[in-house]
1. Applying the selection to region 229-242, what residues are at negative phi and open to solvent by less than 50 Å² (accessible area, probe 1.4 Å)?
2. Consider region 192-209. How many of its residues are within 9 Å of the ligand (Cβ to nearest atom) and open to solvent by less than 20 Å² (accessible area, probe 1.4 Å)?
3. Can you tell me which residue is farthest from the ligand (Cβ to nearest atom) among those in region 210-226 that are open to solvent by 30 Å² or more (accessible area, probe 1.4 Å) and under 20 Å from K262 (Cα atoms)?
4. Identify the single condition in (1) of a type outside the set (A, V, I, L, M, F, W, C); (2) crowded, with 22+ Cβ neighbours inside 10 Å; (3) in contact with a Leu (Cβ under 7 Å, 6 or more places away or on another chain) that G305 does not satisfy, given that it satisfies every other one.
5. Where the second residue is not in a loop (DSSP other than H, G, I, E, B) and the first is farther than 20 Å from I225 by Cβ and lies in region 91-106, which pairs have Cβ atoms under 9 Å and are six or more apart or on separate chains?
6. Check off (1) within 16 Å of the ligand (Cβ to nearest atom); (2) buried (at least 17 other Cβ atoms within 10 Å of the Cβ) for G279 and give me the number that stays unchecked.
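The values are calculated or read from the model by the stated rules, or taken from the named source; none is laboratory data. Only a predicted model underlies this, so the values are computations on that prediction, with no experimental measurement involved. With ideal geometry, Cβ positions are generated from the backbone for all residues, glycine too; neighbour counts draw on all protein chains shown. Protein only, heavy atoms only, side chains kept; ligands, DNA and RNA dropped before computing areas. Shrake-Rupley method; radii C 1.70, N 1.55, O 1.52, S 1.80 Å.
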Amino acid sequence: MKDFIIVGQGLAGSILAWNLMQEGCSVLIIDHFDATTSSQVAAGVYLPITGRRIVRTWMADELIPCAEDFYSSLGKFFNTDFIHQLSVLEIPDSVKVYNEWQMRKSHADTGKYIARFHAPDSFSELNCPYGAVELKPSGYVDLKKLLAHLRSYFVQNGSLKDAVFDFKHLQVSDTIRYGDIESKNIIFCEGIAAQSNPYFRHLPFQPSKGEVLTIHSELLPQDYIINKSVFVLPIGNHYFKAGSTYEWKELNNIPTEAAREKLSRQLKELIRVPFEITGHLASVRPSVKARRPFAGMRSGIPNVGIFNGLGTKGVMLSPYLSRHFVNHLLKKEKLMPEIDIAQYDDLL
Ligand SMILES: Cc1cc2nc3c(=O)[nH]c(=O)nc-3n(C[C@H](O)[C@H](O)[C@H](O)COP(=O)(O)OP(=O)(O)OC[C@H]3O[C@@H](n4cnc5c(N)ncnc54)[C@H](O)[C@@H]3O)c2cc1C
């Protein structure tokens, strides 16, 4: 008998499974690999301040140290690097916005994350007539690499079954039975597929499609993540990811000409040096109306749970919140009300 079946090996399922295993639990992950899921396509950026409104990201003080520590430790375990700590250069689009950033420097919640102000036109490769604002700690996680390493590890340990999970094989009573597998609990981490999960389709997801380009430029600086209306993230050898778009209607993994044109136009406004587009991907983020993830066991069914809704910030959220969820599962620690799915029981 397993302690946990986890459905889905995206960021949510992988980190939850890892943390449960660290606590000595036996886990079986059921996941059908799909290269177009949110975690596979994501740029992996984390940053402490949300640019447009210049406010501190929810729980940044707790989430960022936990995330940096988690991804660094995991890198040490696998003898490689998953996390790349890089400052973010915010490029204001007016004097008004630049002044707003300067005001935020003296605010208790945002000030410590604003590391430096750069004078107008400090970067000849960029259009930055109103200067630039440097933020840290920030950076990105190579999610494709991280998930590939974890997948191999789970497979080697006999903890991952590559299969499509089918509810017709699931029996829920005091224990969980899935085909010939028995488990004490099952936790669903299926990303947007949770919208058709019979136990959790009442949860208020608001999925958003995102598209991201890969570009090549010999002359762009590689030591910053640049952020204006579009972010530009150096991924090595003069390649960069550039994105992302937001779209709430056409929820599929098909890259569109419209998004490519939009991103390309935004890049031309930001970048003064030549670049070429070498790749283009799309996926759908498991976002939530209230912009807070979902965690918890289904009301009245204490062995069926969910960890999902990481939205646009899975990299920052998942290490801290999965540890918190594990403490809830194993040590009965109370879940934060913002993420506890019990708040949606009236939608059942
Ligand atoms: C274009 C784009 C850019 C992004 N950029 C960033 C960023 O810079 N920073 C950031 O923090 N976040 C970013 N995100 C968001 C990030 O991808 C998500 O927050 C996070 O990866 C979601 O992880 P997840 O595990 O919940 O879902 P998913 O990644 O969707 O994983 C779900 C897994 O479940 C599996 N699954 C589902 N149903 C079944 C089934 N029936 N049987 C078997 N397996 C199943 C899927 O195959 C998949 O492996 C971005 C997303 C997109 C689309």
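1. V230, F231, V232, L233, P234, F240, K241, A242 - these are the residues of region 229-242 that are at negative phi and open to solvent by less than 50 Å² (accessible area, probe 1.4 Å).
2. 4
3. Only one residue tops the list, namely H216.
4. Against the list (1) of a type outside the set (A, V, I, L, M, F, W, C); (2) crowded, with 22+ Cβ neighbours inside 10 Å; (3) in contact with a Leu (Cβ under 7 Å, 6 or more places away or on another chain), G305 comes up short only on (3).
5. Within 9 Å, the pairs are Q102/I114; Q102/F117; Q102/V133.
6. It fails just one condition, (2).
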